[in-house]
Structure formats: structure tokens, C-alpha cells
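Everything below concerns the one structure shown next.
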Amino acid sequence: MNFEAQIEKYTEILISHKLKILIPTLLLILFATIGAKFLEQPSGYRGFVENGQPNYEEILNLEEKYGMIDTLSYVIKPNSGDVFQKDVLQLIYELTEVSWKTPYSSRVSSLTNHQYTTVDGDDINIDDFISDVENLTDNDLNNLRELALAENTIVNFILSKSARVAFVNISLDMPDGMGFDDPINFAEEQKKIFNEEYPEVFVTVAGSSRYSHNFQTTARSDATTMYPGFLILIIILSYVLLRSVSASLISLIIIFLSILPSMGMAGWLGFEAQPPLIIAPILILTIALAHAVHILSIALTNLNEGKSKKEAITESLKINMTPVFLTSLTTAVGVAGVNFGKIPAFSEMANTVVIGSAISFALSVIVLPILFIIMPIKSHGRASIVLDGLKMLGDIIYKFKFYFISMIGLASILLINLIPNLYFDDDFDSYFDRVDEWVEVKNIVNDEFGSSFFIFANLSSNEQDGITNPDYLKKLEKFGEWLESQEEVVTVSSVADVIKTLNKNMNGGSEEFYTIPDDKALNAQYLLLYELSVPYGMDLKNQITSDKSESRMLIRINMATSKESIAFNERTDKYIADNFEGYSSDGIVGIPIMMPYVYKDNTNGLARGLIFSFIFIVLVIGVTLRSFKFGLISIIPNVVPFILSYGILALFTNIVTFSHTISILISLGLVVDATIHFLTKFKKANALNLSMYDSIQYCFKYVGFPIIVASVCLFSGFLFLLQSSFQTNYILGGMCALIILIALIIDLLLLPALLLLFGKKT
């Protein structure tokens, strides 16, 4: 039995058993959709790091020893003057007290509760730096300002050098799998209260937890702002193309029935609702619409020619079954190539699209034909002006094929020479630069503190109580001095600073004693006295391990480019290797250090994914169409759009981010669809023994309009991503939109010209 006979038999079965097929299918879709409620809360930056990634494992090891590194911070900035005003300090005091009530808080540090050391005879006293705000005189305020600015454990940690901005820092001990809604919502409520109570002081929320929470709020915001407008556009486009209310309704049903179970399966699989996942419904929507449009448009054409519904849909499936299957497969393979990268959030998005592509194909060849038979279909015919325009375009290409090939070839040669000027770089700190409030906070922190990011260095003495060894502490001190000499570093704090401060205070406050004592026992005594003197939650357990064998340095660092961050890490590793003989260290640890390596690994992985996907797609086209020649021809219209797009990118910038790299794989699986539809129709025309001219006109007649509409839908979908508050989605959307637009032009101009030149019957 040949293929067309099999399609006829298949259609007969669908029509004869439509309810027996439709009802179980809908029940399966319902079951899959239920999984959407199990989508996990975004884990912030952790969703962008693959388990087992070396730099990430070091962060987890650090958290196991010292507690979670998630922080929440209040930024306090008076509208005029500095923070050493009674009302501002009172605000800081009250905010510090209420901060202990923050869900999952384990430590609160501020200017008022900073543990300040004084000495009374042989006794050491450690008290809150500011305890009685109401009774402070102007002279007291001036003295406090001088003392604070002279204290290196205060400046650039909880107070800016200018004294114009202060922090209230809260350490969070978040349970696994718990989102940041509770602590952030609590903080936002407090922010509102204090801004109303103290109108002359600006209070806002920052910190790593706020940063991580942005992933969640951004995803929600993007879904709310982008989906409605895009859906309206799709409704309009589907009607413009199909010119039938019923057919448009069928296409919308297929779209929704594709999206809902896909997102449900994402939930069943334990995916996180990260911002990249917002892209998935848009891609699935356009894939499903393209499938529906190709099948319905030809079915409606057959219907208008007098065929019955059964005949119309059967003939359409004969023509479209292969290309729709191929486009589903190649789209899935192309997008699945993202899994070769090292960013789970994007892998989950890609896998959701793969699931959606499979579901949309199944629905297009099972549910769509049944709905076509069941529902009353009335078509007003396709827009003749568009068909006339496509016929005219076919005439022009037939006459000037060499001109189109030459011009596009020349443009490709010129722009490909610019691509080597591009180099990879990325900035994790810029992810939310489209969120106005976050940018405002970031600018304040960067202006006053130099940076909003911390990294850590864990150094082990390799023995119990080894951190009190003078040699260890002096190496720690020199390491801190070396770090502060690096242009990327703003400030450094370590247990060595605590020891030096205690030694100074125990010796009358003389600066000459701001040194590491040579007596290990004395250093141990200082630490013991300190720990016995501080209140609960203010000890040094976030800096030293319980057995006092290891300590952690806190380093405020300027976010640099990926290249600069890697260079800084390598310099630091070399310093540690050269100067810490007898001790051990994992080097410096933190998000600004980790992410450049994640980007680097991701880029290398995506390169492998691109090669795999491209080879697979070309082979599938060649094997399915039983033509090695068609397989080779398909390469050109699917390579040229990327050459032109990245050449255009190189005209405006030299930087390529990981968003740009991911756009290649996402776009590849989509742009190839138009090529496949065009090639299958051309092969069909060959089988009908049409002339080369008539073959090209046959392609434009049956797939020209659907290709245009599908590309316009994709282009519009990616343009909607320009509304995203997530910088990565914004860049990806703009780049994919450019690639899709160029690919449409190439498929309408270059591909027909190539087929006229090389696609003669074989």
C-alpha cells in the first residue's frame, strides 16, 4: 500500500471513530495539563547552573560550612545629608529590630547593632555600636561618624565611604526548594511602612535574595504583559490567513491544546518557572499555528474547489503529513540542541518546546481533521491580492534568479568578514537592567559602595584550631592586602581583621597594635572572649568553622566582564598557590566568579549542539525527500540567515552574549520549517511532471502564504519578547526576530532561485 492510500485509510479511521478517538485524547490532554500546578518556584541564579559544575559545587561546600549565602538588605539613603542624623539612625535601629522577624532570618547586621569592642581594664566589652539614639547629641553624632568611618569592618559593608548610604543586612537560611516570596514580601511591606513613617529617607530592598526573587517576579510579569497581546495578534493573523471563522477557531483550539499539556508536562517533570520558560508557550503557539495553517489552508482550497469535507482534509493530509512531521522533528531537534549547553533554565525551556512540538504534530493530524469534519466550515477564499503578489514574485525570480543569488551571495561574503570581530562576553549583573527599581537600587549601591556583589575565599589551616596560628593569620592578612590592591576589589574582611581590632583595643587603642600577635594562645583567647561577649546571632560562625580549622574571607568585588573575571580568578589562584604552602583552599567562590565559567562551558556545549542539530536536520531532509541534492540545497537557506544576522550584529557591537548563542539553536529549528515545506512542495510538483516555472508557482501557491504568516507569527512572537523585563529574553527575542525575518526573505528569494538553478528533476 502506497503512502497516499495509507493516508486515505487513516482518514477513514479518524472519521469513522471520531468520538472514540477524540474523547480519550482530550482526557490525556487534561491529565497532562494538571501538571502545570506543580511547576516549581524559581531558584534564582541556581536555575542557571548545572549540578556538578565545579564552581557551583564550591559554593555548595561553602554554604555547608558557613550557612547559606542568600542575603536580604535594606538600603537606607536620606534625601539630604548623611546617615548620622537622629531620625535616620532611629529608622536604622527600628528596621534592625524588625528584621529579626523576617522569615528564615539567621543574622542581622547594621550600623546600630554592629559589635563594637571597648576595653575596661583587663575586661573586653563588646556592645552595639549605637544603642541609645534618642539621647545622642550633635557631638555624639560627629564622634560616631568618625569612629564608623575609621572601622574597616563597617565601611563598604554596612556604611558607604561617604556615609550617605547604610545597609541593614539579613542573612537567610532558606529551606531547599523554597522560593523567596515570604522574606521578600515581608521586606517589601516593611519598606512601605518605613517610607511612610520616614518620608525624608529613601528605603528600598536589595541583596542576593531580592536578585533571585526577580527571576520569579519577572516571569510572572512577562507572562501577564506579553501573552494577551500576542494572543490577540494570533487570532487576527489566523483569520486573515484562513478567512474562515470556523477554521480560525480550529487553529486556536489546536494552539491551546498544544500549549496547556506542554506546560503541564513541564510541571510533571519538575521544571522551574524561570523567565526563559516564558518563551516556551510563544514558540509552541507559533509551531502549532504553522501546522494548523498549512493543513487547513489547503483543505479550504480543496473545499472551495467543490470537494467534500472528507476529500478536502484527506488531500490536505496527503500533501502536508510529511512536511508537518518533518518540521516538528527538525524543530524539536534544533531546539533540543540547547541541552548541549550548561544552563538548566534554558534546557527546561527547550525541552518544553520539544514536548510541545510533538504534541502539536499529534493534534494537527488527529484532532484537527476530526474538528474539520465535525464543525461547520465556510471559507471566503484566500486573499487574491496576496496570491497575485506571490505569483508575480515567482515570475520575477524565474527571470532574475542569477541576480538574486549574486546579490545575496555578495551580502553574505561582505558580512561574514565582520563575524570574526565578535567575541564572547556576558554580564550576569545586567540580567534585570530593564527593571527600573532594580536599576535604581543597583546604581545607588554601585555609586556608594563600588559594587553590589560579594565573593568569598575559604582558607583551611588543615588542623583543628589552626586559624589562630600566627602564620596562618598573617598570610590571611597579606592575602587581604593583595586582594585590595586588585582593581576589581572594593574591600575585604576576614577573621584577621577581628584579631587585629581586638589586639589594638586590648592595648589602649594604639594603632601600632593593629597587628597579628605572634602568640597563638593569645589569638585563641581573643576569639574566645569575642564569642563569649557577643549576643546570639552575632558570633563568627559565618566566618570560621566550628573546629576553627578554616575561615572565610568576605570580598566586595566590582562585576567585571566574563574575560576579566576569569583573569582575576586565575591571578588569585596563582597567588594562593604561591603563598599558602602548607594550607589548602578552593580559591575564590561566588556568583561573579562562577557565571563566566558557566557561560564558557555553555558556549562550547551549544557549539556541539549546533553541529549535531544541523547535521541531523540536513540528513533528515535528504533521506525523507530521497534526494542528496535537496539535502545540500537545504543547507544554504538555513546558513545564510545566520551569516547575515550575525554580520549585522557585528556592525553595531563586538560582544556576543549567551543569549545570542542560544538564539542560533532556537532559530535553527524554526527557520528550517519554511525550507522543508517549500522543498516538499517542489518535489510534489516534480512528481506531477510540472515545468520548472510551474513548479515554482506551485510552491508559491500552496505554501507561499502559510510560510509568510508562520514567519510573521514567529517574528511577532519574538518581538513581543522585547517587552520582557529579563535582559536575556530581550536580547534573545531581538536576535531571533532578526534571524526569522532574514530567513523569510531568503526562503522567498534565494531558495526558489537555487531550485530553478539546481533542482531539476532527478
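The values are calculated or read from the model by the stated rules, or taken from the named source; none is laboratory data. Nothing here was measured: the structure is a model prediction, and the numbers come from that model. In this analysis, Cβ positions are derived from the backbone assuming ideal geometry, glycine residues included, and neighbour counts consider all displayed protein chains.
Looking only at the stretch 113-147, filter to residues that are in a loop (DSSP other than H, G, I, E, B) and touching a strand residue (DSSP E or B) at 6+ places or on another chain (Cβ under 6 Å); which one of those is surrounded by the fewest Cβ atoms within 10 Å (Cβ to Cβ)? It would help to see each step written out before you state the result.
First, the residues of the stretch 113-147 that are in a loop (DSSP other than H, G, I, E, B): 113-114, 121-122, 129-137.
Then drop every residue that is not touching a strand residue (DSSP E or B) at 6+ places or on another chain (Cβ under 6 Å), which leaves 113, 129.
Details: Asn113: 24, Phe129: 17.
This residue is Phe129.
Being at pLDDT 85 or above and either over 20 Å from Asn602 (Cβ atoms) or in a helix (DSSP H, G or I) (or both) narrows it down to one residue among Phe678, Phe630, Phe705; which is it?
Details: Phe630 fails: at pLDDT 85 or above; Phe705 fails: at pLDDT 85 or above.
Residue meeting the stated conditions: Phe678.
Sort through Gly35, Gly47 and tell me the only one that's crowded, with 18+ Cβ neighbours inside 10 Å, among the small types (Gly, Ala, Ser) and in contact with an Asp or Glu (Cβ under 8 Å, 6 or more places away or on another chain).
Gly47
Give the residue, chosen from Leu300, Leu252, that is in a helix (DSSP H, G or I) and crowded, with 22+ Cβ neighbours inside 10 Å. It would help to see each step written out before you state the result.
Values: Leu252 fails: crowded, with 22+ Cβ neighbours inside 10 Å.
None of the others qualify; the one that does is Leu300.
From Ile655, Ile708, Ile643, grab the single residue that is in contact with a strand residue (DSSP E or B) (Cβ under 9 Å, 6 or more places away or on another chain) and in the same structural domain as Phe400 (by TED's automatic domain parsing).
Selected residue: Ile655, the only one of Ile655, Ile708, Ile643 that is in contact with a strand residue (DSSP E or B) (Cβ under 9 Å, 6 or more places away or on another chain) and in the same structural domain as Phe400 (by TED's automatic domain parsing).
Name the residues in the stretch 681-702 that are among the hydrophobic types (A, V, I, L, M, F, W, C), assigned to a loop (DSSP other than H, G, I, E, B) and within 19 Å of Asp395 (Cα to Cα), would you?
Of everything in the stretch 681-702, just one residue is among the hydrophobic types (A, V, I, L, M, F, W, C), assigned to a loop (DSSP other than H, G, I, E, B) and within 19 Å of Asp395 (Cα to Cα), namely Leu690.
Of the residues Ser131, Ser106, which is touching a residue at least 40 places away in the same chain (Cβ under 8 Å) and of a type in the set (S, T, N, Q)?
Working: Ser131 fails: touching a residue at least 40 places away in the same chain (Cβ under 8 Å).
Testing whether each residue is touching a residue at least 40 places away in the same chain (Cβ under 8 Å) and of a type in the set (S, T, N, Q) leaves just Ser106.
Is it true that Ser494 is free of Cβ contacts under 8 Å to residues at least 40 places away in the same chain and under 29 Å from Asn569 (Cα atoms)? Talk me through it step by step, then tell me what you get.
On the way: free of Cβ contacts under 8 Å to residues at least 40 places away in the same chain: no; under 29 Å from Asn569 (Cα atoms): yes.
No, not satisfied.
Counting only residues that are polar (S, T, N, Q) and over 17 Å from Leu751 (Cα atoms), how many does the stretch 657-690 have?
6
With the requirement that a residue be polar (S, T, N, Q), in contact with a helix residue (DSSP H, G or I) (Cβ under 9 Å, 6 or more places away or on another chain) and more than 18 Å from Asp518 (Cα to Cα), what does the stretch 471-497 give you?
Gln486, Thr491, Ser493
Return only the number of the condition from (1) assigned to a strand (DSSP E or B); (2) in contact with a Pro (Cβ under 8 Å, 6 or more places away or on another chain) that Phe215 does not satisfy.
(1)
Quick check on this structure: which one of Leu260, Leu241, Leu233 is farther than 19 Å from Thr33 by Cα, surrounded by fewer than 24 Cβ atoms within 10 Å (Cβ to Cβ) and not polar (S, T, N, Q)?
On the way: Leu260 fails: farther than 19 Å from Thr33 by Cα; Leu241 fails: surrounded by fewer than 24 Cβ atoms within 10 Å (Cβ to Cβ).
Going through Leu260, Leu241, Leu233 in turn, the sole match is Leu233.
Mind listing whichever residues of the stretch 590-617 are of a type outside the set (A, V, I, L, M), in contact with a strand residue (DSSP E or B) (Cβ under 8 Å, 6 or more places away or on another chain) and assigned to a helix (DSSP H, G or I)?
Selection gives Pro592, Tyr599, Lys600, Thr603.
Restricting to the stretch 469-498, name every residue that is assigned to a helix (DSSP H, G or I) and closer than 12 Å to Glu550 by Cβ.
Here is the first cut: in the stretch 469-498, the ones assigned to a helix (DSSP H, G or I) are 470-484, 495-498.
If the condition is that a residue be assigned to a helix (DSSP H, G or I) and closer than 12 Å to Glu550 by Cβ, then Tyr472, Leu476, Val495 are the ones that fit.
What number of residues within the stretch 680-701 are touching a Lys or Arg at 6+ places or on another chain (Cβ under 8 Å), surrounded by 23 or more Cβ atoms within 10 Å (Cβ to Cβ) and either under 16 Å from Leu625 (Cα atoms) or among the hydroxyl-bearing types (Ser, Thr, Tyr) (or both)?
Looking only at that region, the number is 1.
How many residues does the stretch 428-467 contain that are polar (S, T, N, Q) and surrounded by fewer than 19 Cβ atoms within 10 Å (Cβ to Cβ)?
Keep residues of the stretch 428-467 that are polar (S, T, N, Q), which gives 430, 443, 446, 451-452, 458, 460-462, 464.
Still in the list and also surrounded by fewer than 19 Cβ atoms within 10 Å (Cβ to Cβ): 430, 443, 446, 460, 462, 464.
Selection size over the stretch 428-467: 6.
Looking at the structure I just gave you, is Asp425 surrounded by fewer than 21 Cβ atoms within 10 Å (Cβ to Cβ) and within 36 Å of the chain's Cα centre (by Cα)? Can you show your working first?
Details: surrounded by fewer than 21 Cβ atoms within 10 Å (Cβ to Cβ): yes; within 36 Å of the chain's Cα centre (by Cα): yes.
Yes, satisfied.
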